[in-house]
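Following: one structure in structure tokens, then a few remarks.
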């Protein structure tokens, strides 16, 4: 009979984990480099946390893959909770860089050449996180790097897994479809709405008023943003180079504007958390870039990338939820928001 008594090291499989650090510099014939142990443990810890992030994102996908997400069920709140956990993990990973920074460039040089052609670029799990969230291959900085399956690139199996993830529904795409299904602007909810503007620039009474109120909030130098609002948010089209349709962005903007209503709180926090995840990923990439500049200057990376030059480009280009973050451009003061009609308030259960 198998005993049910668990032993801490056995349950955590610590024998496997603690025996998985094999510094190459400690092998016979090499000069031991003290900091290689730190380098290995830091990156193994990263990969464990990446695994947890992917686990949380997989749950979020299962909820938003449903044809209907019930705002009154536990589903939406659990998604919010698990995305917030991803935020906390990313905060930890950003802070973890400071531990690696205790290694000096001369310390790193003692074992750097032993790593070639291995590189952090080859972290399959990090690429899966980016792909799961919605970073498309063609939008990546030097996307041709990612298609390499030769020395310094991915194995064919790893590249196939990344490509397969990119072809499946991403969180960005699922959030876009969820936002597009929002019924906020159906005609039956706006029968008693009292317009505050006599401007007839938009078909829907709310957006007609909002267009006028936004215009009033702009300075003369900001007036070009009025055209941006019309083209990027109000115009009836559902194509976007960044993945979010105008329909979805209208719903997202509406949620952000009226987030103080209880029914919108969880939805708002989900959108805001996705933006925060994007910013933390950008922060991690920037810390990585600064660290690499400090360690190797402008030398070529061990995986035959352009090193710090590649990382700098990724910092600038690899934003996933840029459209959502950009909605702050189109906000007006809370006190000037149009009052919502009773039909809509009743329907949404405020």
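The values are calculated or read from the model by the stated rules, or taken from the named source; none is laboratory data. In this text the structure is predicted, and so the values were computed from the model without any measurement. Heads up, the Cβs are rebuilt from the backbone with ideal geometry, glycines too, and the neighbour counts pull from every protein chain shown.
The set of residues in segment 91-110 that are buried (at least 17 other Cβ atoms within 10 Å of the Cβ) and either under 11 Å from residue 273 (Cβ atoms) or over 24 Å from the mean Cα position of the chain (by Cα) (or both) comprises 103, 107, 108, 110. Here residue 90 fulfils each of the conditions (1) under 30 Å from residue 66 (Cβ atoms); (2) modelled with pLDDT under 95; (3) part of a helix (DSSP H, G or I) apart from (2). Being out of contact with any strand residue (DSSP E or B) (no Cβ under 6 Å at 6 or more places or on another chain) and under 22 Å from residue 175 (Cβ atoms) is a condition met by at least one residue of segment 217-229. Across segment 1-15, the number of residues qualifying as assigned to a helix (DSSP H, G or I) and either under 32 Å from the mean Cα position of the chain (by Cα) or surrounded by 10 or more Cβ atoms within 10 Å (Cβ to Cβ) (or both) comes to 4.
Answer yes if at least one residue in segment 60-69 is under 29 Å from residue 289 (Cβ atoms) and either free of Cβ contacts under 8 Å to residues at least 60 places away in the same chain or crowded, with 16+ Cβ neighbours inside 10 Å (or both), and no otherwise. The answer is yes; a qualifying residue exists. All conditions but one from (1) crowded, with 18+ Cβ neighbours inside 10 Å; (2) within 24 Å of the chain's Cα centre (by Cα) apply to residue 295; the one that does not is (2). The residue of segment 34-56 that is surrounded by the most Cβ atoms within 10 Å (Cβ to Cβ), among those that are under 20 Å from residue 110 (Cα atoms) and touching a residue at least 60 places away in the same chain (Cβ under 8 Å), is 36.
Does residue 154 qualify as being over 26 Å from residue 252 (Cα atoms), modelled with pLDDT under 90 and buried (at least 17 other Cβ atoms within 10 Å of the Cβ)? Yes; evaluated as a whole, the condition is true for this residue.
Among the residues making up segment 95-123, those that are assigned to a helix (DSSP H, G or I) and within 30 Å of residue 157 (Cβ to Cβ) are 96, 97, 100, 108, 112, 113, 114, 115, 120, 121, 122. So, residue 305, is that one in contact with a helix residue (DSSP H, G or I) (Cβ under 8 Å, 6 or more places away or on another chain), at pLDDT below 90 and crowded, with 16+ Cβ neighbours inside 10 Å or not? The answer is yes for residue 305.
Within segment 18-31, restricting attention to residues that are free of Cβ contacts under 8 Å to residues at least 24 places away in the same chain and not in a loop (DSSP other than H, G, I, E, B), which residue is farthest from residue 41 (Cα to Cα)? Among those residues, the one meeting the criterion is 26. The residue pairs whose first member lies in segment 150-179 and is in a helix (DSSP H, G or I), whose second member is surrounded by fewer than 15 Cβ atoms within 10 Å (Cβ to Cβ), and whose beta carbons are closer than 6 Å, counting only pairs six or more residues apart or on different chains, are 156/149; 159/149. Among the residues making up segment 180-193, those that are part of a helix (DSSP H, G or I) and in contact with a helix residue (DSSP H, G or I) (Cβ under 6 Å, 6 or more places away or on another chain) are 180, 189.
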